[in-house]
Amino acid sequence: MKIKVFCGVLFLTVLLIFLQKGPALSEMLTIAGTGDSQVLVRALAEKFEAKYPDVHVIVPDSVGSGGGIKALIQGKSNLARVARPLTEEELSHGLHYTLFAQSPVVFVVHPSVTGVKNLSYAQIVSIYSGQITNWQQLGGQDKKIYVVNRESGDSSRTIMDRIIPGFKSIDPFVGKVFYTTSEAREALIKYPDTIGYLPMTMVAGTKLRLLSIDNVVPTSHTVVKGVYSLSVPLALVSRKVRTDMEQEFLNFLFEAAGQEALAGFAVGVP
């Protein structure tokens, strides 16, 4: 009998400890959406969790800006990561848009590419249309150029279409199309002699080589000043009525710790 009583007391004690300290009492905050800010928001989430140890922030892999907004509307995500303004249809759902950074969209090459540091808009069009096919034509080594592209409608691709003269008119494009920012990034990291474009936030922590465009280096300063024209808006979308923790995360973006995290990614801050 004493053994049974002891075991019962032990079980209750362990259960109480688990309920007090276990994940059941932790608040979950999910932020789904674009891959353009995926790495950046994960860095922000890490800082946020340090401030609020009882909160677990989940930043899933990319489902695109539209996918994040859909998840938000359906109640499957607390906030949505987007890299574009909201559409009229999306605004009709009573959503709130918080712009927190302006990310340069940059052209990068695999570390194996040497001798090429700058491209003109005309050269970019020639590469993506297949008129320039060898790095030697650009001052590099005698090696074939492998092109990484994004699908029509992607936020970075939309910037290319809008800003680079002749880019939107290319038909057909050469190279391989990737349908998420993460996949494009991994292809550029993995395969030698490749070129592609990514949000600056996805280049941090890699060995990818950054190219200047028309002799302008993409930085937070050149983006804010409007000297470097290729950039995408990074924002979080929420419902008009937010939970306390959702609002805390939005506030955190503009606090010292949040701004410190942003500074590590060379993005322009509004």
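The values are calculated or read from the model by the stated rules, or taken from the named source; none is laboratory data. Bear in mind the structure is a predicted one, so any value in this text is a computation, not a measurement. Here Cβ is always computed from backbone atoms with ideal geometry, including for glycine, and neighbour counts include all displayed protein chains.
What number of residues within region 131-188 satisfy the criterion of being in a helix (DSSP H, G or I) and over 23 Å from the mean Cα position of the chain (by Cα)?
Step one: of region 131-188, the residues in a helix (DSSP H, G or I) are 135-138, 155-163, 181-188.
Next, from what is left, pick out any that are over 23 Å from the mean Cα position of the chain (by Cα): 135-138.
Residues flagged as in a helix (DSSP H, G or I) and over 23 Å from the mean Cα position of the chain (by Cα) within region 131-188 amount to 4.
Can you find even one residue in region 199-207 that is of a type in the set (Ser, Thr, Tyr), surrounded by fewer than 23 Cβ atoms within 10 Å (Cβ to Cβ) and over 19 Å from Ala43 (Cβ atoms)? No, region 199-207 has no match at all. Evaluation of Gly64 against the conditions (1) at positive phi; (2) in the same structural domain as Asn215 (by TED's automatic domain parsing) shows that the sole unmet condition is (2). Where residues in region 222-256 are without any contact (Cβ under 8 Å) to a residue 12 or more places away in the chain and more than 29 Å from Thr30 (Cβ to Cβ), which of them is surrounded by the most Cβ atoms within 10 Å (Cβ to Cβ)? Going through the qualifying residues, I end up with Val227. Close Cβ contacts (under 6 Å, 6 or more residues apart or on different chains) running from residues in region 64-80 that are farther than 26 Å from Arg150 by Cα to residues that are of a type outside the set (A, V, I, L, M, F, W, C) comprise Ile73/His93; Asn78/Thr30; Asn78/Glu246. Can you find even one residue in region 163-172 that is touching a residue at least 12 places away in the same chain (Cβ under 8 Å) and of a type in the set (Ser, Thr, Tyr)? No, region 163-172 contains no residue that is touching a residue at least 12 places away in the same chain (Cβ under 8 Å) and of a type in the set (Ser, Thr, Tyr). Applying the criterion of being in a strand (DSSP E or B) and farther than 21 Å from Lys143 by Cα to the residues of region 189-206, the residue that is farthest from the chain's Cα centre (by Cα) is Leu198.
Would you be able to say whether some residue in region 90-100 is in contact with a Pro (Cβ under 8 Å, 6 or more places away or on another chain), modelled with pLDDT of 95 or more and closer than 21 Å to Leu198 by Cα?
Step one: filter region 90-100 for residues in contact with a Pro (Cβ under 8 Å, 6 or more places away or on another chain), giving 97, 99-100.
Those left that are additionally modelled with pLDDT of 95 or more: 97, 99-100.
Within this subset, residues satisfying the condition of being closer than 21 Å to Leu198 by Cα are 99-100.
Taking every residue of region 90-100 in turn, at least one turns out to be in contact with a Pro (Cβ under 8 Å, 6 or more places away or on another chain), modelled with pLDDT of 95 or more and closer than 21 Å to Leu198 by Cα.
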